[in-house]
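A short write-up of the structure that comes next.
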Amino acid sequence: MPERYRINVVPAPGRFHRIGKFGAIDWREDCSRCAECVKLRCCFDVHRHETVHNRDSLASVHTLYECKACFSCVQGCTKGLLALSVNPEFLEMGDDCWRPDVIFTTWVQADTGKIPVSGAGYRGAFHGPGFDSIWTDMSEIVRPTRDGIHGREYISTSVDIGPKPMRLTFSPDGEILSGALNLLEVQMPVILDAPAWPISETALARARAGAAGELKTIAAMSAREAATVSPELLHCVAPIFSSYDIRHRPDLIESVRKMAFLIDSPDILESAEAILQVKPEAIISVRINLEPGSVERILELSRRGLKVFHLCADRHGRERGEAGKPGRHIKDALRAIHGRIVDERMRDEITLIVSGGIALAEHMAKAIICGADLVAVDTALLVALGCRVCRNSHAFYPEVQQEGSPHGACPAGIESVDSAYAARRMVNLMGAWHNQLIEVLGAMGIREVRRLRGETGRAIFMEEIEQEAFGDLLLVSDERATV
């Protein structure tokens, strides 16, 4: 029995007053000043904390609270002076992919490192776009020996990165003839990726390296930023090289310890060979934009010796296609790529990493079900530090940013965050994700995450059951629409 992998989380309250979804409206004109005011009986003490915050915005920065919308104060007020309303500032956060509830959930997990539980049940839509159209199998949820993080059986979340042979060869006397495997084992199917948009991230690079060291995984960053990381953490840093870096800064290759990322280019093979000449034991991963023809590029490079690929979708988890034309969602693209590589009988040789639109722990599990070996998180790490994924930010829409625009500065001050504090928030977020992954695996009766890869038979896809149930009706509807 291997040692159980645990992530030690430590509460790290946010630096700012959190934006909650609900707020209480208090009409005080007709207040009777009741001795037993219902606001004093709030079990979450929300009203008192809000009063303190309104008097001094810094006084309750480290107090984690928000209205739970239990309506106890609204129903208990004898004068009917209290009402609940949705906070308009909350609704303005994020976009269609990084929804306000996703951002808020990420903040809670980074604060505490625990699985968020609302206690009020799920009151949202039954299904939605993207990953929300997938339901995972929970048929084993009642088995006590596989009861998630509280079970008695060990559930492994570790995965291997690196080239793997399809078969082993032995001599007649039983001696193994296959070469030694060059694999990197990470303890959960996640690597910490560079931000999805340009940002001055020296402190964030050190934070990701520190978090990766504690999580026993890998942090991806530019080779120049790897030079700012302390030597004891370089073993968990994977530099990102372009072909220009390899040609003009060969000294940067020395920063490679175990793994390096290469941005895809026509001379990718020459760049990989240059790294391997200096670091023969290095694992090379090719960063490829997720596009309709990505699988052909993967097969081509795989036949020429490169076996690890990082598929980079856009920030909303879609293929990077023509401008103005959204591509397939990452779940559909992954299923097609995984199936094609299986048909070519090369799947077990290849490691697939995917990033873009991985916003929640369930997205990690669902991406693996669709065919990935592991995921890379980027924007979620920034959200953990207070990022609101601003719709009008310079990072998302640089073409609309005008000189002297008031929206140029990040309201969460991401670039000025302390690296140790940032690392703790990242570890907390990944700790909560890790527990949720174990819960999913336990409920599915799966004891290691490697077995989850490509297990589409253990999931239900909304598009498929709609087609199965209403296929003829949908076909008639489409025909009438074209008439």
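Throughout, read-outs are computed from the coordinates displayed, never taken from laboratory work. None of these values were measured; they are calculated from a predicted model. Using ideal geometry, Cβ is built from the backbone for each residue, glycine included, and neighbour counts are taken over all protein chains shown.
So the values come out like this:
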{"read-out": "Estimated distance in nm for a label pair at Val278 and Glu185, the labels positioned 7 Å out from Cα along Cα-to-Cβ", "value": "2.9"}
{"read-out": "Under 15 Å, Cβ to Cβ, from Ile25 - net charge with Lys/Arg +1 and Asp/Glu -1", "value": "-1"}
{"read-out": "Contour excess over end-to-end distance, with Cα ends at Ala83 and His127 and 0.36 nm allotted per residue", "value": "12.8 nm"}
{"read-out": "Asn8-Ser72 FRET efficiency (beta carbon distance; Förster radius 45 Å; 0.05 resolution)", "value": "0.80"}
{"read-out": "Across Lys68/Lys366; Lys39/Lys114; Lys216/Lys307; Lys114/Lys279; Lys21/Lys79; Lys216/Lys325, pairs whose alpha-carbon gap is larger than 31 Å", "value": "Lys114/Lys279; Lys216/Lys325"}
{"read-out": "11 Å beta-carbon shell around Gly371, net charge (K/R +1, D/E -1)", "value": "+3"}
{"read-out": "Two-decimal Rg to Rh for region 189-288 - Kirkwood Rh, Cα set", "value": "0.94"}
{"read-out": "Sequence of Phe44, Phe22, Phe241, Phe90 once ranked by neighbouring C-beta atoms within 10 Å, starting from the fewest", "value": "Phe44, Phe22, Phe90, Phe241"}
{"read-out": "Net charge over other residues, Cβ less than 15 angstrom from the Cβ of Pro11 (K, R count +1; D, E count -1)", "value": "+4"}
{"read-out": "Pair Glu296, Glu466: separation of 7 Å Cα→Cβ label points (nm)", "value": "3.0"}
